[in-house]
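Here the structure is laid out as structure tokens; the discussion comes afterwards.
We did not get these values from a lab; they are worked out from the coordinates using the rules stated. Just so you know, these numbers come straight off a predicted model, no measurement behind them. Here Cβ is always computed from backbone atoms with ideal geometry, including for glycine, and neighbour counts include all displayed protein chains.
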Amino acid sequence: MNDPNGLVFFKGRYHAFFQHYPHAAHWGQMHWGHAVSDDLIHWEEKDIALYPDRDYENDGGCFSGSAIVKDDTLYLFYTSVSHELGQTQSVAISRDGEVFEKYEDNPVIISPLGDSKDFRDPKVIKFGDGYKMVVGAGKDNIGKILLFSSKDLLNWEYDGELISDLMFGPCVECPDLFRIGNRYVLMFSSIKSLPHKVNFSVGTFDGENFYPDNSEDPYFALETGPDFYAPQTFEAPDGRRIIIGWMYNWSRQIPVGRTQVGAFTVPRELKFNSLGKLTMRPVKEVMPYIKADSEFVSYNDGLLRISFDGKTILTQQLRSEPALEILEDTGVVEVFIDGGTKVITTYIC
């Protein structure tokens, strides 16, 4: 499994879809896996939601995307990848969260960048009396986020480039645009990892442009560990902004004989602290499992160290002794530092 997709609360349950190859523990023609939960902790895996069974998916299959609810109906937006059209955006619709029917006029968006092959990972949000979609893209080695508008979720117009910058490498992936209180957050992943692997920026959005609060240094990282990529957010029924990331990285070698590979991070809440800084901490449902001390995590003389079986996994310099919240799971630790102002996610074995 790879990226989290279609995170949403629908019909009284949390739904998490994920980019998935069901036949082996390596990359292949993508499907959408599907799991549901009542409490964000215990998950039940369901049948595969999206198979690559259309002509417009006959190459890479069904890449990542998002979900939104309209008129008690669930819409899944995903990147369909075909030999003829390349990466395009398509939609599947469900009224029960179990059966998904692909829209008869898919794909609903073809790349406005011409011959560019990078055009993927649609995230759809409600904005005013309509909807906005951000899509990761790239052309001529310049990473971009493209913006689209719709009134009905089916007919889309191209608004232009939300960002375009050489420092993001050949392509931006998994963009997300969301509001917390009266502030907007733009989040996206960068193949080139510059300036950060997963970038956050806080500012304002007027429907056409995103204006970062700090225009001189607009992008920052909350997560600094090696195994956090392609996160996506959604709004819980109580208004919390919840984020889940893919816990892995492309440089890891898949162990011989492994039948499963890849995981999600624990669900986390994004919010601003009393100083106005964006923070990321485990959701309240997970807090009973959090501990302040761990045999895998230590701090001495300005150095935070994560280790396993006598082997140092990673180290980070910190200016002062941190307040730690630690989650230990199967072969991984997630470390939340100083109220979630910094997070480290890593496999330890």
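The loop-placed GluC sites (Glu not before Pro) in segment 251-349, going by DSSP, that have at most 12 neighbouring Cβ atoms within 10 Å of their Cβ come out as Glu295.
The mean sequence distance of close C-alpha pairs (under 8 Å, at least 6 residues apart), as a share of the length of segment 4-287, puts its relative contact order at 11 percent. With a threshold of 26 Å on the Cα-Cα distance, the over-threshold entries among Lys291/Lys342; Lys46/Lys151; Lys11/Lys284; Lys192/Lys342; Lys70/Lys197; Lys46/Lys291 are Lys46/Lys151; Lys70/Lys197; Lys46/Lys291.
A dipole drawn for segment 4-287 from +1 and -1 charges on Cβ atoms has a positive end, and of Leu7, Pro237, Thr265 the residue lying farthest that way is Thr265. Within the chain, all pairs of alpha-carbon atoms sorted by distance into 20 Å bins from zero give the percentages 31, 60, 9, 0.
About its Cα centre, the dipole of the chain is roughly 640 debye, where the only charges are +1 on Lys and Arg Cβ and -1 on Asp and Glu Cβ.
For a test of the definition: using alpha carbon positions, the gyration tensor, and the 1.5 limit on a/c, classify segment 1-129 as rounded, prolate or oblate. It comes out oblate by the Cα gyration axes.
Ranked by how many other Cβ atoms sit within 10 Å of their own Cβ, fewest first, the residues Val286, Val261, Val134, Val256 fall in the order Val256, Val261, Val286, Val134. Rounded, prolate or oblate: which fits segment 1-40, taking a ≥ b ≥ c as square roots of the Cα gyration tensor eigenvalues, rounded meaning a/c under 1.5, else prolate when a/b beats b/c? It is prolate, given that a/c is not under 1.5 and a/b is the larger ratio. Remark: segment 96-155 carries a charge dipole of roughly 400 debye about the Cα centre, counting +1 on each Lys and Arg Cβ and -1 on each Asp and Glu Cβ. Between His26, His83, His42, the residue with the greatest mean-square fluctuation in the GNM of the chain (Cα pairs under 10 Å linked by springs) is His42. Sites listed here are trypsin sites (Lys or Arg not before Pro) in segment 132-180 whose DSSP assignment is loop and whose Cβ has at most 13 other Cβ atoms within 10 Å: Lys151.
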